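The values are calculated or read from the model by the stated rules, or taken from the named source; none is laboratory data. Keep in mind it's a predicted model, so treat the numbers as computed, not measured. A quick note on method: Cβ atoms are made from the backbone with ideal geometry, for glycine too, and the neighbour counts reach across all protein chains shown. Each accessible area value is taken on the protein alone, full model and side chains, heavy atoms only, with ligands, DNA and RNA left out. Shrake-Rupley method; radii C 1.70, N 1.55, O 1.52, S 1.80 Å.
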Amino acid sequence: MAELGHEVVGIDVDAAKIALLSEGRAPFYEPGLPEILTSAIASGRLRFSTELADARGAAVHFVAVGTPQRRGENAADLTYVDAAIAALIPHLSDGDLVAGKSTVPVGTAARLSELVAAGSGAILAWNPEFLREGFAVKDTISPDRLVYGVPAGEAGIRAKELLDEVYASALLNDTPVVVTDYATAELVKASANAFLATKISFINAMAEIAEVTGADVTQLADAIGFDARIGRRFLNAGVGFGGGCLPKDIRAFIARAEELGRGESVAFLKEVDGINLRRRDRVVDLVVDSLGGEVYQKRIAVLGLAFKPDSDDVRDSPALDVAVRLHGLGAQVVASDPQAIENSRSLHPQLTFAEDHLAAIEGADVVVIVTEWKQFRELTPELAAAAKGRVLIDGRNCVDAVAWRAAGWTYRGLGRP
Ligand code: UGA
């Protein structure tokens, strides 16, 4: 927002994060973020604070706190959204706009708008976020669409005007805008992530069929992807989806639909979740199988910990899960990731980590790729020569099977012969 020319204060209850940000240091890895953070602070348009009173005087208040999965349940935990709105209300002025960015169950904005209206003269809008980790800066500066969920009448007109001012530069570039009601805006977000998760699980289901028929799911994806109605993007079969969004968002959607008496409408998302989780079992099974069932004390190089490349995020990461499970079977796991070691170690200190992926490979009986970082896609049999075994399990179907086999390796991908 500061990069777009606005004057911004970023507020969080986590004093450590605010201290880091104030020094121009990002509290997580995101390509391009440190540069933009430094320039925004230098411009004088961006500062950080732990005091909600510093929100006073702002025309627009974005609420972008997390909505994680509730412990032991599918539903989203709205504690942080509720707390942020309640704490913000005393600092709002007449005509201010509160713009919710958090991913929330449908019906939340209507409930919160009553609280905002009762406690202030401010207006609530719901403005869902579609950025992808790894492309967060680009997706924020140049979004592919904007969705404004606004109330009816004058308040809605005022909300749209303010959001148009916020996003003026994107609008100049003809970014499509959908102006709608709260429920539609909330559902757009839930259904977009549900669709993406379904697309990935669809191709992973095809991978399961390919595995029992000798077909190749990567060629299948290429061939169906040429149909513009289907499209090739998000059809990469592998160890499946993870992260802080897709898994918890489909579960929260299932929980909300059940509350609304329409559980059957999204019951297929349970299958989407199930297919996704089975792919982790499959990678573990391939490793065990390649060792003739004897995993105990075998050395296994796990390449990748983050849920996707260009991120240090290990929330619900299939890669970290595979590493932990192999360790649990008694294997000597040495895991490597360009950015996610620190986060993985704090969750699973029992694992052994190597900063250098070639060091992880040294002496390994089996090499497993579970996150398709560039360095791992570019791994060759020559670079991996220090491995003891000659087995590569490619959990992301991201290296050249022919070249590895030609060099004498046993190559096993997912959904590939
Ligand atoms: C996802 C959505 O793509 C964003 O649009 C959304 O804004 C965001 O969630 C959110 O709700 O905040 P993100 O979690 O950053 O973004 O990651 P994705 O790029 O969607 O990837 C999710 C997972 O799917 C990763 O584990 C990735 O490895 C996996 N994936 C992706 C596949 O297994 N196959 C594919 O073909 C694509």
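Within the full protein context, the accessible area of Arg405 is estimated at about 110 Å² for a probe radius of 1.4 Å. Along region 360-367 the Karplus relation, 6.51 cos²θ - 1.76 cosθ + 1.60 evaluated at θ = phi - 60°, assigns HN-Hα couplings of 5, 6, 4, x, 6, 6, 9, 10 Hz to successive residues, with x for each Gly and Pro. Put a plus charge on the Cβ of each Lys and Arg, a minus charge on the Cβ of each Asp and Glu, and nothing anywhere else: the dipole of the chain about its Cα centre is then about 860 debye. Per residue, the average separation of C-alpha pairs within less than 8 Å and at least 6 apart gives the chain a relative contact order of 12 percent.
Find the relative contact order for region 293-417 and round it to a whole percent, using C-alpha pairs within less than 8 Å whose residues are 6+ positions apart. Walk me through the numbers before you get to the answer.
Details: 258 pairs, mean separation 30.9, N = 125.
25 percent.
Taking every protein chain into account, the accessible area of region 173-321 amounts to 45 square angstrom per residue (probe 1.4 Å). Accessible surface comparison of Tyr148, Tyr182, Tyr29, probe 1.4 Å, protein chains only, largest first: the order is Tyr29, Tyr182, Tyr148.
In region 261-328, which GluC sites (Glu not before Pro) fall in coil by DSSP and have 15 or fewer other Cβ atoms within 10 Å? Please report the intermediate quantities before stating the final value.
Values: sites: Glu264, Glu271, Glu294; in loops: Glu294.
Those satisfying the criteria are Glu294.
Taking every DSSP bridge with both residues inside the chain, close to 5 percent are antiparallel.
Show that you can apply the helix-only estimate: for the chain, add -39,500 (n - 2.57) for every DSSP H stretch of four or more residues, divide by all residues, and state [θ] at 222 nm to the nearest 500. Before the final figure, lay out the partial values.
Values: 16 runs with 176 residues, N = 417.
Calculated from helices alone, the mean residue ellipticity at 222 nm is -13000 deg cm²/dmol.
His61 sits with roughly 10 Å² accessible to a 1.4 Å probe, with DNA, RNA and ligands left out of the calculation.
So how do Phe62, Phe195, Phe130 rank on accessible area, 1.4 Å probe, biggest first, that is with the largest at the start? Walk me through the intermediate numbers first.
Details: Phe62 70, Phe195 140, Phe130 40 Å².
So the residues, ranked largest to smallest area, are Phe195, Phe62, Phe130.
For region 1-109, what is the accessible area per residue in Å² when the probe is 1.4 Å?
Details: 5630 Å² over 109 residues.
That works out to 52 Å² for each residue.
The angle between the Cα long axis of helix 246-259 and the main principal axis of the chain comes to about 60°, on a 0 to 90 degree scale.
Would you work out what percent of the accessible area of region 1-122, with all protein chains in place, is carbon or sulfur (probe 1.4 Å)? Display every interim value, and only then the final one.
Values: 3400 of 6300 Å².
The nonpolar share, carbon plus sulfur, comes to 54 percent.
Exposure check, 1.4 Å probe, all protein chains in place: Ser120 carries approximately 20 Å² of accessible surface.
Pairs Lys17/Lys270; Lys138/Lys199; Lys270/Lys388; Lys160/Lys308: which exceed 32 Å Cα-Cα?
Values: Lys17/Lys270 35 Å; Lys138/Lys199 24 Å; Lys270/Lys388 40 Å; Lys160/Lys308 35 Å.
Distance filter (> 32 Å) returns Lys17/Lys270; Lys270/Lys388; Lys160/Lys308.
Rounded to the nearest 5, the antiparallel percentage of DSSP beta bridges internal to region 51-180 is 15%.
The C-alpha atoms of the chain define a longest principal axis, and helix 182-213 lies at about 10 degrees to it. Relative to the longest principal axis of the Cα atoms of the chain, helix 318-328 runs at roughly 50 degrees.
Determine the share of region 190-417's accessible area contributed by carbon and sulfur atoms, expressed in whole percent, with a 1.4 angstrom probe. C and S atoms contribute 54 percent here.
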